[in-house]
Each structure stands twice: as structure tokens, then as C-alpha cells.
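The values are calculated or read from the model by the stated rules, or taken from the named source; none is laboratory data. Just so we're clear, the structure is a prediction, and the values are computed from it rather than from any experiment. Cβ placement follows ideal geometry from the backbone for every residue including glycine, while neighbour counts extend to all protein chains displayed. Side chains are part of the model used for accessible areas, which takes the heavy atoms of the whole protein and leaves out ligands, DNA and RNA. Shrake-Rupley method; radii C 1.70, N 1.55, O 1.52, S 1.80 Å.
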Amino acid sequence: MPVLKVPKREAEPVKRKLKKLNLYDGKRRPGIEGDFVLLPIFEDETVYSLGYEVLDIELPLRPERQIYKNLESVLAERLTPEELKHLRRYDVIGDIAVIQIPPELEHRVDDIVWGLRKVHPFLKVVAKKGFHEGAFRIRDYSIIWGEKRLETVHKENGVEIKVDLSKAFFNPRMKGERYRLAQLVRDGERILIPFAGVLPYALVIARYRKVKITAVELNREAYELGLENIELNRKRLKGEIEFIHGDAFEVLPELPTYDRVISPTPRGVDALALTLSKAERWLHYYDFVHEAEIEDFRRRIIEECSRQGKDCEVRVKKVSDFKPHVFKVCADVRIKG
Ligand SMILES: C[S@@+](CC[C@H](N)C(=O)[O-])C[C@H]1O[C@@H](n2cnc3c(N)ncnc32)[C@H](O)[C@@H]1O
């Protein structure tokens, strides 16, 4: 597979340029060769005109996709190539695997369970994933193998997170995003996190930074799991977390303003004006946006900033794909002055 051999000090800008040109192959990990970085790229004529050496080197797949690949290769023993095309991505949360089973593979459930257990021998539960429902965004799961529970402890970014998938929202795929935010935060900040769930963002940030976090959650069961999670991680946390049970739309107006507000907004809820009004320097606002409407979304935020008398710089980042052409995005809003 092609790689671009770039001097280490130029690697980041070249990587950004490759991404812009849709030439960067994010499925593979970059490699190192002495003072050079080997950037994974797609086969395309333009890569030869960038002024760097193009080599043919096998770089490893990123772990998540590697795991997926393993399931695919394990199942190749039992499923037809046509059936394999319908195989969806899955998640491992603690000792529970969750997978979506499309109608085309319903008759292959036993084989899929067999494959998952072969790839992850530690699994105790395999559950079939349904859709997120209601204001608390709880997914509908059915257990297709193993112990009859959806409670487990998931390890991520150096913290342990107790979750119960039947009672509270949790998305392991936001691991990288939580780490990104933890890196942006500085010691000493006061941070507000409405829609906090079982506290994954708060725990990861407090694990790395000496901060004061106030988190708010409406779902009583998520709130109680969050309190348990603070205790579970007590010795690891540099920062402090205050957790409030209540409706963000009632609680936030009573709270002061904060250096940074992080809003993992539930789908379909508009909390932009509310969360922005509580932010002094930064707002990280999550939403689900069609790719054709990202610029409108950015403009809407700028307008809300001017309505509130704030001079803002807004960058919108795609965080994950949600459905065709619709992305979960994070608007990083910097409030100047
Ligand atoms: C998308 S989930 C994010 C949860 C958590 N931050 C995470 O990333 O795992 C949104 C959360 O907001 C909570 N929620 C919904 N409406 C709320 C409200 N009005 N006030 C406070 N929390 C609310 C839901 O129960 C859910 O836990």
C-alpha cells in the first residue's frame, strides 16, 4: 500500500494537506523510519506530484478497524462473501459486545456470536443493538448470548466507567473525542457539562487536569451511575466533579458562568443559546448536522454569539458519521476578549 515519506517536522502540515485533498488513508497507522514519518495515502496520481518519496509499505490498520477485520476474517469460515458485506461495525463495552444485525444476517446470529467470542474470548454478553429512544437516549438492546445483564465496567482513557446500557446512554466511540477535549483543557479551569450521562467526559477530563467540573443530568439512573463512577475513580482524579440531578434547562439558569462549557447535546434538543450564555471562553457544542448544512450551522452559532454580545470564532469538526451524509459534529466556539 502506498505511503508518503515525509521529514518528521513536516509531517503534521503535510498530513493536513493530504486530508484536505482526500488522499490520507485514516484506516492505517502512520509509521516511523529514522527522521521520517510514513504517512498512509491512497493510490492516486496526485501523490507523485507532492515532492515527497512514495513507497510501497504495509502499515498496520488502526486497532478498531483491525478488530473489525478480525471478525470479518474469522467469519469468512462460515458466512458467504455476500453475507459478509452486510456485517456491521460493533462495539465492545467492558465485557459486553453490541452489534447491529441487519435483516440479511438474522439467520446467522449464532455464527456472529461464535465469531465475536473467538475474537474476544473475555466476552460475557453479546447484545443486539436497536435504536436510541426517548429524551434519555437509551438504546433498545436484546441479549442474544451470555449473562442476562447490560451492566458492566468499561475502561477508557485511564478511567473506569460503570455503565448500564438498559438504563443510561453511553457511546464508547467518543473515546478519542473525550481525549481531545481533555488535551484542550488547562489546569485551573471551571467547566460546566450539561447532559452529562454517566460522566464519561467529566471523568476523563478530571483524570488529566486539575479542574472544577459541574455536571448536570436529568436521568436519575444515569445520575446514580455517575455518582458511583466518581467513587470508583476517586484515587485517579486530579480534578473535582460536582454532579447535579436535574433538567439542564431549569438548572443552568441558576448557575454562574464557566471558563468552558461542554454540551453533548441529545439529538433533537436545541441548547445552543442556553449553553453559550454560560460560557466565558469556550463552548464545545455537539449536534447532528447534514454535511450540506454545516456552514449554516456555523453561521447560526455566530448569529447567536452576536445576539449575546459575544465575539466568537467557530470551528466545526466532524466527530463521527451518524447516517449517510449526516454527521455528529462538534462546534468549538472560542469567545474572544
Ligand atoms: C447524548 S447523551 C450524552 C451523555 C454523556 N454526556 C455521554 O457522552 O455519554 C445526552 C444525555 O442528556 C440527558 N438529558 C436529556 N435531556 C436532558 C435535560 N433536559 N437535562 C439534563 N440532561 C438531559 C440524557 O439522559 C443523556 O444522558
Top of Leu38, Leu192, Leu165 by mean-square fluctuation, Gaussian network on the chain, Cα under 10 Å:
Leu38
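Taking R0 as 56 Å, what's the FRET efficiency between Asn70 and Arg307 from their Cβ-Cβ distance, rounded to 0.05? Before the final figure, lay out the partial values.
Values: r = 51 Å, r/R0 = 0.91.
The formula returns an efficiency of 0.65 here.
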Eligible aspartates and glutamates near Lys8 by straight Cα distance, threshold 17 Å, same-chain separation 8 or greater:
Glu33, Asp35, Glu53
Using a Gaussian network for the chain with springs between C-alpha atoms less than 10 Å apart, which of these wobbles most: Ala292, Ala97, Ala279?
Ala292
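Sort Phe297, Phe131 from largest to smallest accessible area, using a 1.4 Å probe on the heavy atoms of the protein chains.
The ranking, largest first, comes out as Phe131, Phe297.
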Solvent-accessible surface (1.4 angstrom probe) belonging to Glu82, in square angstrom, nearest 10:
110
Within the under-10-Å Cβ sphere about Asp187, not counting Asp187, Lys/Arg +1 and Asp/Glu -1 give a net charge of +3
Segment Phe249-Asp140, length gained on full extension (0.36 nm per residue, minus Cα span)
36.6 nm
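Over region 63-149, what percent of the accessible surface lies on carbon and sulfur atoms, probe 1.4 Å? Present the calculation step by step, with values, prior to reporting the outcome.
Working: 2490 of 4820 Å².
The value for region 63-149 is 52 percent carbon and sulfur by accessible area.
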Mean-square fluctuation check for the chain, GNM, Cα pairs under 10 Å: which of Val74, Val37, Val113 is largest?
Val37
Give, as a single signed number, the net charge of other residues whose beta carbon lies under 13 Å from the beta carbon of Leu116, with Lys and Arg counted +1 and Asp and Glu -1.
+4
In Å, descending, principal axis extents of the Cα set of region 172-322:
43, 33, 30
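What is the ratio of the Cα radius of gyration of region 1-101 to 2.2 N^0.38 Å, where N is its residue count, to two decimals?
Working: Rg = 17.0 Å, N = 101, 2.2 N^0.38 = 12.7 Å.
This ratio for region 1-101 stands at 1.33.
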In square angstrom, what is the accessible area per residue of region 181-337 with a 1.4 angstrom probe?
47
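I need the shape label for the chain. Rule: rounded when a/c is under 1.5, else prolate if a/b > b/c, else oblate, with a, b, c from the alpha carbon gyration tensor. Can you show the working numbers first?
Working: a/c = 1.75, a/b = 1.14, b/c = 1.54.
In terms of gyration-tensor shape, oblate.
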Computed helical MRE - 222 nm, the chain, DSSP H runs ≥ 4 contributing -39500 (n - 2.57), nearest 500
-8000 deg cm²/dmol
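Apply 1/(1 + (r/R0)^6) to the Cβ-Cβ distance of Lys323 and Asp35, taking R0 = 45 Å, and write down the FRET efficiency to the nearest 0.05.
Numbers: r = 43 Å, r/R0 = 0.95.
It comes out at approximately 0.55.
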Viscosity 1.002 mPa s, temperature 20 °C: give me the Stokes-Einstein translational D for region 63-149 in µm²/s, with Rh taken as the Kirkwood radius over C-alpha pairs.
161
Normalised alpha carbon radius of gyration of region 2-56 [divisor 2.2 N^0.38 Å]:
0.97
Express the accessible area of region 2-56 per residue in Å², computed with a 1.4 Å probe while the remaining protein chains stay in the model.
63
